[in-house]
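Rule-based calculations on the coordinates, nothing more; no lab input. Not measured: the values here are computed from a predicted model. Ideal geometry is used to build each Cβ from the backbone, glycine not excepted, and the neighbour counts take in all protein chains shown.
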């Protein structure tokens, strides 16, 4: 669970009815509609129609908002269109239709040179296979975006050195990418994407190429960095558990369409359909459910009860409840008591949310 | 596909039957066997008048261009002649040292000293001077076309076929139009070597730029790179390694063409020296000069290759050799103004072992005469002649010691029939049909085969291996050869090259298998192959001409020596680079080493081995043309004659003929390899 920063309500990036169609004449389907073709079912019909006319639908009617300071995760299996969507956000892939509003400005309307300015100063991106320049050493790789901006060698190296400290690569400045481990290479990738101090930070499966132990470690470090930097983030992954660990909110994609958007816990408690449910089944509920989710207001509160914050996960509660039959009080951020929880409540909640066939 | 597969044996049988029928019927109607002269429509006059017209209009422009191009060559020749030998040697030593290490430095240095020692310094420098000018020009040309081909699909569709053509037209054939357009002089060598050397640079540029991972490009875009920045700061540096490999290939091609260009004469360079001495049967001198070429080739190859593959250093360890190099060279240059022996290699130190070598050679040839003749005759009478003119004519009391009586012929038919029966019993009907065809061709002889039958066989073979398009292409190409009146020469070329390829491929595959299973063999074979492959073509001729004199057998050996290299190399590489998990699985199942080789490794390495066959054929054809120098008949000789007489039509017709054969053989073998690769799910990057 992300801790610390609370994302603000202010929208940083808004992706509205974005479509990406591949084929001979992708434009023909969107005459002046800006991608807004009506409600969800109308969009689905259009997508099917497009597929039937020998075009490929990589992204269909994708809409979501990313708030300032929020980690927004797009999760989907390979081929679901998640990588296309994140590339549409920076117009590395040109969307066929839709709007991409950054601070209210539609990126699809800006000129090529303005777009380059946006990329130079406001966006950073991390790639699955790192995308490092093989001919540059670590320091110059990190300084590369600054070089592109025409910043002098001395200044950009100075800046790169600062960031090297941030990602813990001190001492490897002169190494070349081929001489680094995967984890170290991705640190370089992260450092490079942060060199221009972007407001928007795109991460495309940044840890998928790493082995599990390193992946876990990198996730922790990513969260630590985010607490420090408070960027607005779009994070792509195919790993549902990774999404749960880091997401403030997440979207699940399938066949180019967004299936569901919400907080991880919303998805687990109220999966929109069987597709989402298939993912949530594998998730240990005690990791996801919080005390606030199951606080029982009708239980009597007694003064001798301890109290815990509402966002405490059930997993951390279990040892306490094992020893305290009376249960525990749950308090929200404003100090209001939401109710109490007993061991029985937890067992009940876990039983209802258990995978099919395992109970219920 | 199944339908045509079922039809296959039938059609092969039919083709064999057709061959017999036409052969028998040709007694009364010779046109069935040999394409009648009256039907020949030779394009040579047309080509000559076309070229004449072209020259009369554009000639002055080309002459002017030639005049312009001559200057840089003169300057570079003047420079290399002016530089003291000690300075040039030092330059090479340091290039080797910085590129790879002291071993290469030493090698390059000793190579240079050898040139001075045997008194071929000036000739060597003259050749090197042309290379020095042609390489940058070829690289620039190649780079421009490569970038064009990378960015524009339409441009690539035009460029790639032209490259294919330039690389399949035999080196000799290049010289002719250039000679006519530019006139005699060093320019011919320069232009030819640029034309011959730029294609690999184009290919490697396209390949390198294409191979840059998408994410690296995206990282560049996300950093806010403009398209120009993206090219110069992202794509180009990331593709640099591949492009340096292109530089290496370009250098080698340029050198090889500069050497070949010596056949037009009039230049005082090392290629001319080899050729001239070889013509005068001064084999000692020829070998010494050939050795110079080999050393230049190896030095240039190793040095450019070393710079191409040089790993990046984190921190420079040791002294800065560039600085030391400049210092040492400056000191040597200064000293050589005081000490003449550093500028000009002293006469007293010249060494000429040629007379001794000639004497030794003579001794060997005289004393080993029986052996030499024995080997030559055995190969000629029992292998080459039967394939060339068929058992029908090859078996005579003079060659085989007996007459081909009707009884023997019947026995031969029985033997072939038995082979077919055996195959038929095993239900391998295509094999049975092929055995029959083989039997027929061996009896009649390749050059005596009725032209209609041969035409049909080639076209059908193209259809079976690569499909309809190639069959049509083959038909058109063969029709050109027939109508242009160079069919007999073409068949002679196919025969000689075919025999050589057959031997090279069988022998090469065996050696390749051995080398893949045995590290000692591999480490012995590898440097020999490296040397053979970097050797400019006609240097390879020298040792064979020395012993076996001129003739087809010498040519055969030379072609084999050159064409065996890819067969060995691809086989070993294919066998050694199979997916680890497959080998492990086979081991776990309990394969013996033998089973592993025959049941797992060889079938899986088949695509690579077939690619080896492809290269063997291409190498074979490349060498075939050069062997015209030692008196082979066929298309190569026609090219040579055209070159000698300045007859554009004759040379070009033969050159195109050679290219047709090369392209058909190339596409057929490529198709087989590709099909296997797709079957195995392997992907190969190819431009």
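Descriptive notes on the structure:
- Solution diffusion estimate, µm²/s, Stokes-Einstein, chain A, Kirkwood Rh from C-alpha pairs, 4 °C, viscosity 1.567 mPa s: 58 µm²/s
- Using all pairs of distinct alpha-carbon atoms, the Kirkwood hydrodynamic radius of the stretch A:263-353 works out to 13.6 angstrom.
- Calculated FRET efficiency for the pair residue B:211/residue A:152, C-beta based, R₀ 45 Å, to 0.05: 0.90
- Ordering of A:85-92, A:109-116 by burial proxy (mean other Cβ atoms within 10 Å per residue, highest first): A:85-92, A:109-116
- Distance from the stretch B:480-502 to the stretch B:507-576 (C-alpha centre basis), Å: 24 Å
- Relative contact order of the stretch A:286-352, pairs being alpha-carbon contacts under 8 Å that are 6 or more residues apart, as %: 39 percent
- For chain A, a Gaussian network of Cα nodes joined below 10 Å ranks A:69, A:35, A:150 by mean-square fluctuation, and the top entry is A:150.
- Semi-axes of the equivalent ellipsoid for the stretch B:487-687, computed as √(5λ) from the eigenvalues of its C-alpha gyration tensor and ordered from largest down, come to 36, 19, 12 Å.
- Distance from the alpha carbon centroid of the stretch B:91-170 to that of the stretch A:55-134 works out to 45 angstrom.
- In chain A, the longest principal axis of the Cα atoms and the axis of helix A:138-148 are about 60 degrees apart.
- Angle in degrees between helix A:314-323 and the longest Cα principal axis of chain A, rounded to the nearest 10: 20 degrees
- Other protein chain Cβ atoms within 10 Å, averaged over every residue that makes up A:125-132: 5
- Considering only the Cα atoms of the stretch A:146-225, their convex hull presents on average a projected area of 5.7 nm².
- Candidates A:197, A:304, A:117: whichever shows maximal mean-square fluctuation once chain A is modelled as a Gaussian network with Cα springs under 10 Å: A:304
- Rotationally averaged projected area of the stretch A:27-166 (alpha carbon convex hull; nm²): 11.1 nm²
- Computed over chain B: relative contact order in percent, which uses C-alpha pairs under 8 Å that are six or more apart: 19 percent
- Mean shadow area of the stretch A:92-182 over all directions, Cα convex hull, nm²: 7.5 nm²
- Along its principal axes, the stretch B:293-372 has C-alpha extents of 64, 40, 18 angstrom, given from the largest down.
- Label zone at residue A:113 (point 7 Å along Cα-to-Cβ), backbone N below 18 Å, the stretch B:195-238: B:224-230
- For peptides A:292-298, B:498-504, A:339-345, B:554-560, sequence by mean Cβ density within 10 Å, most packed first: B:554-560, B:498-504, A:339-345, A:292-298
- Pairwise centroid distance, computed over Cα atoms, of the stretch B:623-669 with the stretch B:372-391, Å: 24 Å
- Average beta-carbon neighbours from other chains, 10 Å sphere, peptide A:109-122: 2
- A simple spin-label model places the labels of residue A:34 and residue B:593 7.5 nm from each other, with each point 7 Å out along Cα-to-Cβ.
- Estimated inter-spin distance, residue B:424 and residue B:102, nm [label 7 Å along Cα→Cβ]: 7.3 nm
- Using the average count of surrounding beta-carbon atoms within 10 Å as a protection proxy, the listed peptides B:607-617, A:38-48, A:199-209 rank, highest first, as B:607-617, A:199-209, A:38-48.
- Residue-normalised convex hull volume from the C-alpha trace of chain B: 207 Å³ per residue.
- Extent along principal axes [Cα atoms of the stretch A:252-297; Å; largest to smallest]: 40, 18, 13
- The Cα-based radius of gyration of the stretch A:6-79, divided by its Kirkwood radius, gives an Rg/Rh of 1.05.
- Two-site label geometry, residue A:287 and residue A:94: point separation in nm, points 7 Å out along Cα→Cβ: 4.2 nm
- Value of relative contact order over the stretch B:487-687, rounded to a whole percent, pairs C-alpha under 8 Å and six or more apart: 27 percent
- The residue B:20 and residue B:40 beta-carbon pair, evaluated with R₀ = 35 Å, returns a calculated FRET efficiency of approximately 0.85.
- Principal-axis tilt of helix B:171-182 within chain B, Cα atoms, nearest 10 degrees: 60 degrees
- Where only alpha carbons of the protein assembly as shown are counted, the Rg and the Dmax (Å): 37.2, 124
- Counting, for every residue in B:225-235, the Cβ atoms of other protein chains within 10 Å of its Cβ and taking the mean gives 3.
- Largest first, the three principal axis extents of the alpha carbons in the stretch B:86-311 are 65, 45, 22 Å in whole numbers.
- Multiplying the residue separation of residue B:349 and residue B:389 by 0.36 nm and subtracting their alpha-carbon distance yields 9.0 nm.
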